[in-house]
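First up is the structure itself, then whatever we jot down about it.
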Amino acid sequence: MPDRTKRVLFLCTGNIARSQMAEALLNFHAGDRFHAQSAGTRPGRAVASETIEALEEISVPAADARPKHIDEFAGAEFDVVITVCDSARQECPVFPGKRVLHWDIEDPSVAISEGASRIDAFRKARDEIRSRIKAFMNAEGCIFCAILAGEAPASFIYRDDLVAAFMDLRPVNPGHTLVIPREHAASLNEVPPAAAERMMSAAQRIAAALPATGVRMEAYNLFLADGEPAGQEVFHAHLHVIPRYEGDGFGLRFAPGYGRREDREVLDRQAEALQGALADSA
């Protein structure tokens with residue numbers, strides 16, 4: 001299989017915060033599709049400790065990060081060069097024939113709002129960069145579609161005319177499996193009903209078969225995140241089959257106030273509204 005990894009260079013002035021975050025996040029989320037590097041036009045002496053802290057809070061390794069001067073990449077070829085500050089944009093070297101993009105990310109070392117801490121500013125920058133990374137990944141092509149086309153690796157366990165299933169690259173627990181429709185659909189609403197039914201059927205069969213493989217499994221979760229606020233990161237609908245066992249450390253956090261019993265009249269009104277919406281969509 002030919003190497004389809006795209007090389008991406010993130011540039012800023014100091015290479016101690018924004019570009020370091022972008023490099024780490026892209027390699028973490030899509031290191032099988034992209035090889036990211038970062039550099040500065042006037043790099044600092046060390047990566048900001050808040051950069052490392054903000055990344056490691058979301059389990060993105062960054063302890064070995066170091067500032068790099070753009071001169072280190074003289075003569076190197078990149079498919080995409082992305083500047084993340086205006087100064088680097090103005091000083092960006094010419095990379096003939098390559099795409100150059102600019103992301104206007106505020107410098108977290110100076111963007112500290114009233115009442116906020118320095119680390120809060122770095123978290124804000126991290127979250128904005130992560131959102132842009134996700135959009136960039138989707139704009140460059142769907143990884144699940146690439147897997148289905150044989151253009152990216154995966155450990156398949158099942159394929160038919162409507163769905164496919166393969167092992168999750170970053171499993172919550174051993175045996176963690178993804179079930180996806182073969183036809184691209186960004187959300188569950190876009191999945192054809194026959195494929196949605198097949199996804200659930202395949203998930204049911206996989207969950208029943210997993211204990212025979214020797215993985216530790218006392219229970220399991222079926223989980224589908226639909227939309228970014230729900231935690232969706234790859235915008236090709238997918239159903240997680242996650243083996244669970246007591247004390248495995250995985251779980252969902254409930255919002256404050258969860259457990260309060262809702263008034264029956266409120267529930268009846270919601271049910272009536274939903275019944276009407278279902279009837280209108282039939």
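The values are calculated or read from the model by the stated rules, or taken from the named source; none is laboratory data. Source: prediction; values computed, not measured. Every residue, glycine among them, receives a Cβ derived from its backbone with ideal geometry; neighbour counts consider all protein chains shown.
Before moving on, here are some points about what is shown:
- Filtered by the rule that a residue be touching a residue at least 40 places away in the same chain (Cβ under 8 Å) and part of a loop (DSSP other than H, G, I, E, B), segment 244-279 gives 245, 248, 250.
- Any hit, segment 229-244, residues being farther than 19 Å from residue 142 by Cα and aromatic (Phe, Trp, Tyr): no
- Checking each residue in segment 201-221 for being out of contact with any Pro (no Cβ under 9 Å at 6 or more places or on another chain) and surrounded by 15 or more Cβ atoms within 10 Å (Cβ to Cβ) picks out 202, 203, 206.
- For beta carbons closer than 6 Å, sequence separation of 6+ or different chains, a first residue in segment 10-21 that is more than 18 Å from residue 127 (Cα to Cα) and a second that is assigned to a loop (DSSP other than H, G, I, E, B) and among the basic types (Lys, Arg), the qualifying pairs are 13/42.
- Residue 117 vs. criteria among the polar types (S, T, N, Q) and farther than 28 Å from residue 18 by Cβ: no
- Scanning segment 52-111 for residues that are of a type in the set (Asp, Glu), more than 20 Å from residue 126 (Cβ to Cβ) and modelled with pLDDT under 90 yields 77, 79, 91.
- Segment 143-164: number of residues that are touching a residue at least 60 places away in the same chain (Cβ under 8 Å) and under 27 Å from residue 250 (Cα atoms): 3
For (1) out of contact with any His (no Cβ under 7 Å at 6 or more places or on another chain); (2) closer than 28 Å to residue 31 by Cα, each residue gets a yes or a no:
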{"position": "214", "(1), (2)": "yes, no"}
{"position": "226", "(1), (2)": "yes, yes"}
{"position": "231", "(1), (2)": "yes, yes"}
{"position": "236", "(1), (2)": "no, yes"}
{"position": "239", "(1), (2)": "yes, yes"}
{"position": "245", "(1), (2)": "yes, no"}
{"position": "250", "(1), (2)": "yes, yes"}
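- On the stretch given as segment 210-238, residues that are assigned to a helix (DSSP H, G or I) and touching a residue at least 60 places away in the same chain (Cβ under 8 Å) total 1.
For (1) part of a loop (DSSP other than H, G, I, E, B); (2) more than 30 Å from residue 54 (Cα to Cα), each residue gets a yes or a no:
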| site | (1), (2) |
| --- | --- |
| 121 | no, no |
| 127 | no, no |
| 130 | no, no |
| 135 | no, no |
| 144 | no, no |
| 161 | yes, yes |
| 174 | yes, no |
| 208 | no, yes |
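- Residue ID - modelled with the lowest pLDDT, chosen from residues in segment 216-237 that are touching a strand residue (DSSP E or B) at 6+ places or on another chain (Cβ under 7 Å) and within 24 Å of residue 128 (Cα to Cα): 236
- When the test is whether a residue is in contact (Cβ under 8 Å) with a residue 24 or more places away in the chain and part of a helix (DSSP H, G or I), residue 198 passes it.
- Single condition residue 241 does not satisfy, out of (1) in contact with a strand residue (DSSP E or B) (Cβ under 6 Å, 6 or more places away or on another chain); (2) free of Cβ contacts under 8 Å to residues at least 40 places away in the same chain; (3) not charged (D, E, K, R): (2)
- The number of residues in segment 205-234 being hydroxyl-bearing (Ser, Thr, Tyr) and under 17 Å from residue 179 (Cα atoms) comes to 1.
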